[in-house]
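Trainee: This is the structure I want to talk about, given as structure tokens.
Taken together, the values in this text are just the output of simple stated rules run on the coordinates, not laboratory data. What you see is a predicted model; the values in this text were computed from it and never measured. Methodologically, a virtual Cβ is constructed for each residue, glycine included, from the backbone with ideal geometry; neighbour enumeration extends over all protein chains shown.
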Amino acid sequence: MSTNVDALVLGSGPGGLAIASALCKEKLRVGILSATEPREEWPYTYGIWGKEVDELGLEKLLKYRWDNTVSYFGEGSKEKSSKKNQATIHSQDYGLFDKQKLQEYWLKQCEESLVEWHIGTASGLDVNDSISTVTTNDGKIINSRLVIDATGYQPAFLKVPNEGDIAVQTCYGIVGKFNSPPIERNQFILMDYRCDHLNEEEKHAPPTFLYAMDMGNDYFFLEETSLGLFPPLTIKELKERLHRRLENKGISITHIEHEEHGLFLPMNIPIPDLNQPILGFGGAAGMVHPASGYLVGSLLRRAPNVAGAVANVMKDKTKTPKEIAQIGWQALWPKELRRKQALYQFGLEKLMRFKEEQLRSFFKSFFALSKDEWYGFLTNSLTLKELVRAMWSMFTISALNVKWGLFEMKGRELKLLLKFLNPGI
């Protein structure tokens, strides 16, 4: 059995549905090959800044939204009046998507265009000058003018260069009730790096922070997180850190509604080979923000541009799959974005080696930047010139221990700076 489409998307996670729905809006015939049914529930939650979702006009897709958004970068103290315990106030709304509504938003656009949905996994790929052919595990053949690999961090066919160890963000979290509120009511905590629950030896171990929010009805979500590290911290270590953090405040868990046994998010996946005859999108294409881990906002912003470029080149029926893919790659990873990605990865290389005190000092300075600067950095919405200016401002206001850490070259920093200067084709 065989079928023919203009574009075949491999995968139906956020990346796959984002690009498939955008291609459908361009009136292309789209197929999706997925190992799961269309409405299979996604396992993870997705956060986004309020300003970002408002600009996209998608605020109705949020399940929660907080205007009391803070972080803590002091050492920590049980005395509430201590200056070390003061919050960094972000004055920027933060939200969590209702993942079912987000999924339905993309699926509706696909279904209105009668997208072809195929259940299975890809087992073979053949690309020639006229067509791309994917063979599934059950022998189905799907022909298309373009294959888009959106199968996540271990892509099915996409070629990604090996540039060394991949930094991984790891998390352990719970949704539950407690004998007393673990954070303020109606509050969202982006990062709580207070470390007074650790002994001196533990303070020299890789740092972790608390990501937390009030979910309402006496439920709170608490997640102990390692920003990015290789080798990554184990879920056991993160769970122990979270319990120690609560015990230090005299707080105990009375009920666990949901337990997240760990998210392993690769942070610095290289940009794929841009000369290959298939296109990538989402985590498979290195679209995770290396310094913050954000992805969904980028999917929503960048999918329409990529789909538009692909649809435009497909008007020429003589174009080969490779030529179509090249136009897609140019739209997805233009030179400026590749240069910015090198800078973000440079920053992550630094943060991976910072000690606990150094990291707290870094983030104090980072959030001392203007709101537009730190927000634009985290959402990848600054221009290259604005990004460089923000990073320089950050360097000038940083403490000496942070300046030295940023200046010192120990790992892949020099290669990343060369990539910034010359990102290649």
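Trainee: Mind listing the long-range amide H neighbours of E260? Cut-off is under 5 Å, sequence gap 5 or more, other chains count too, H placed in the peptide plane at 1.01 Å from N.
Mentor: Counting only residues 5 or more places away or on other chains, the set is G173, I174, V175.
Trainee: Right, next: With r defined as the distance between the Cβ atoms of K27 and W392 and R0 fixed at 51 Å, what FRET efficiency is calculated, to the nearest 0.05?
Mentor: 0.70
Trainee: Give me the lysines in straight-line cross-link reach of K108: C-alpha distance below 26 Å, same-chain residues under 8 apart excluded.
Mentor: Of all the lysines, those that pass the test against K108 - Cα under 26 Å, at least 8 places apart if same chain - are K25, K27, K51, K60, K63, K99, K140, K315.
Trainee: Related question: Is it possible to state the helix-based mean residue ellipticity at 222 nm for the chain, with each DSSP H run of 4+ residues giving -39500 (n - 2.57), the sum divided by total residues, to the nearest 500 deg cm²/dmol? What is it?
Mentor: That comes out to -11000 deg cm²/dmol.
Trainee: What nm distance separates the two modelled labels at F407 and L421, each placed 7 Å from Cα along Cα→Cβ?
Mentor: 2.0
Trainee: When the chain is treated as a GNM, springs tying every alpha-carbon pair under 10 Å, which of V310, V388, V168 comes out with the largest mean-square fluctuation?
Mentor: Looking only at V310, V388, V168, the biggest GNM fluctuation is shown by V388.
Trainee: Filter the chymotrypsin sites (Phe, Trp or Tyr not before Pro) in segment 10-119 to those in DSSP coil with at most 13 other Cβ atoms within 10 Å of their Cβ, and list the result. Intermediate results must be reported in sequence, preceding the final value.
Mentor: Working: sites: Y44, Y46, W49, Y64, W66, Y72, F73, Y94, F97, Y105, W106, W117; in loops: Y44, Y46, F73.
Listed in order of number, the matching sites are Y44.
Trainee: How much length would be gained if the chain were fully extended between L125 and R301, taking 0.36 nm per residue of separation minus their Cα-Cα distance, in nm to one decimal?
Mentor: Between L125 and R301, full extension yields 60.5 nm more.
Trainee: Please report how far the C-alpha centroid of segment 139-176 lies from that of segment 19-57, rounded to the nearest whole angstrom.
Mentor: Measuring centre to centre over Cα atoms gives 16 Å.
Trainee: I would also like to ask the following. How large is ³J(HN,Hα) for each residue in segment 278-295, as worked out from phi by the Karplus curve 6.51 cos²θ - 1.76 cosθ + 1.60 (θ = phi - 60°), to whole Hz, x for Gly and Pro?
Mentor: Couplings: 10, 9, x, 7, x, x, 4, 9, x, 8, 5, 5, x, 9, 10, x, 6, 9 Hz.
Trainee: Any aspartates and glutamates with Cα under 13 Å of the K322 Cα? List them, leaving off those in the same chain fewer than 8 positions away.
Mentor: D126, D129, D273
Trainee: Using only Cα atoms, what Kirkwood radius does segment 1-125 have, in angstroms?
Mentor: With all distinct Cα pairs of segment 1-125 included, I get 17.3 Å.
Trainee: Continuing with this model, one more query. Would you kindly state the longest site-free stretch of the chain, with sites defined as GluC sites (Glu not before Pro) in a DSSP loop (not H, G, I, E, B) surrounded by at most 13 other Cβ atoms within 10 Å?
Mentor: Here the longest run is 202-407.
Trainee: If you filter segment 314-374 for trypsin sites (Lys or Arg not before Pro), then keep DSSP loop positions with at most 11 other Cβ within 10 Å, what is left?
Mentor: Details: sites: K315, K317, K319, K322, K335, R338, R339, K340, K350, R353, K355, R360, K364, K371; in loops: K315, K317, K319, K355.
Counting only loop positions with at most 11 other Cβ atoms within 10 Å, the trypsin sites (Lys or Arg not before Pro) in segment 314-374 are K315, K317.
Trainee: Restricting to DSSP loop positions (anything but H, G, I, E, B) with no more than 14 other Cβ atoms inside 10 Å of their own Cβ, which trypsin sites (Lys or Arg not before Pro) remain in segment 139-241? Show your work: numbers first, answer last.
Mentor: Details: sites: K140, R145, K159, K177, R185, R194, K203, K236, K239, R241; in loops: K140, K159, R185, R194.
Loop-located and lightly packed - K159, R185.
Trainee: Please order T234, T396, T379, T208 by the number of other Cβ within 10 Å, starting at the fewest.
Mentor: Ordered by Cβ neighbours within 10 Å, fewest first: T396, T234, T379, T208.
Trainee: Give me, ordered by chain and number, the residues 5 or more places off S123 or on other chains with an amide H under 5 Å from its own placed amide H.
Mentor: The list, which skips near neighbours in sequence, is T135, T136, N137.
Trainee: Can you compute the label reach from Q86? Point 7 Å from Cα along the Cβ direction, backbone N cut-off under 19 Å, restricted to segment 187-216.
Mentor: 190-196
Trainee: Quick one: how many lysine pairs does segment 341-421 have with C-alpha atoms less than 20 Å apart and a gap of 8 or more or different chains? Give me the count, please.
Mentor: 13
Trainee: In terms of Cα to Cα distance under 16 Å, which lysines are near enough to K177, apart from those fewer than 8 places away along the same chain?
Mentor: K249
Trainee: So for the chain, averaging the separation of alpha carbon pairs under 8 Å that are six or more residues apart and normalising by length, what relative contact order in percent results? The partial results should precede the final answer.
Mentor: Working: 827 pairs, mean separation 77.0, N = 425.
In percent, rounded to a whole number, it is 18.
Trainee: Would you mind listing how long the chain runs along its three principal axes, going by Cα atoms, in whole Å with the largest first?
Mentor: 70, 48, 36
Trainee: Can you sort H261, H197 so the residue with the fewest Cβ neighbours within 10 Å comes first?
Mentor: H261, H197
Trainee: For segment 313-387 and segment 267-298, what is the separation of their Cα centres, given in Å?
Mentor: After rounding, the separation between the Cα centres reads 10 Å.
Trainee: Spelling out what I want: for every residue of segment 209-223, take phi, set θ = phi - 60°, compute 6.51 cos²θ - 1.76 cosθ + 1.60 (Karplus), and round to whole Hz; glycine and proline get x.
Mentor: 3J(HN,Hα) across segment 209-223, in whole Hz: 9, 9, 10, 8, 7, 7, 8, x, 6, 6, 9, 10, 10, 10, 9.
Trainee: Sticking with this one: Could you give me the ³J(HN,Hα) list for segment 160-165, computed from phi with Karplus coefficients 6.51, -1.76, 1.60 and θ = phi - 60°, whole Hz, x at Gly and Pro?
Mentor: Result, rounded to whole Hz: 10, x, 8, 10, x, 4.
Trainee: Further question: For segment 341-421, rounded, prolate or oblate, judged on the Cα gyration tensor with a ≥ b ≥ c (square roots of eigenvalues), a/c < 1.5 rounded, else prolate if a/b > b/c?
Mentor: The shape class here is oblate.
Trainee: Say R0 is 25 Å: what FRET efficiency, to the nearest 0.05, do T234 and E163 get from their beta-carbon distance?
Mentor: 0.55
Trainee: May I ask you to work out the translational diffusion coefficient for segment 191-333 at 20 °C, viscosity 1.002 mPa s, via Stokes-Einstein with Rh from the Kirkwood sum over Cα pairs, reported in whole µm²/s?
Mentor: Here the translational diffusion coefficient equals 115 µm²/s.
Trainee: Around K159, which amide H atoms from residues at least 5 apart in sequence, or from another chain, sit under 5 Å from its own amide H, with H modelled in the peptide plane?
Mentor: D273
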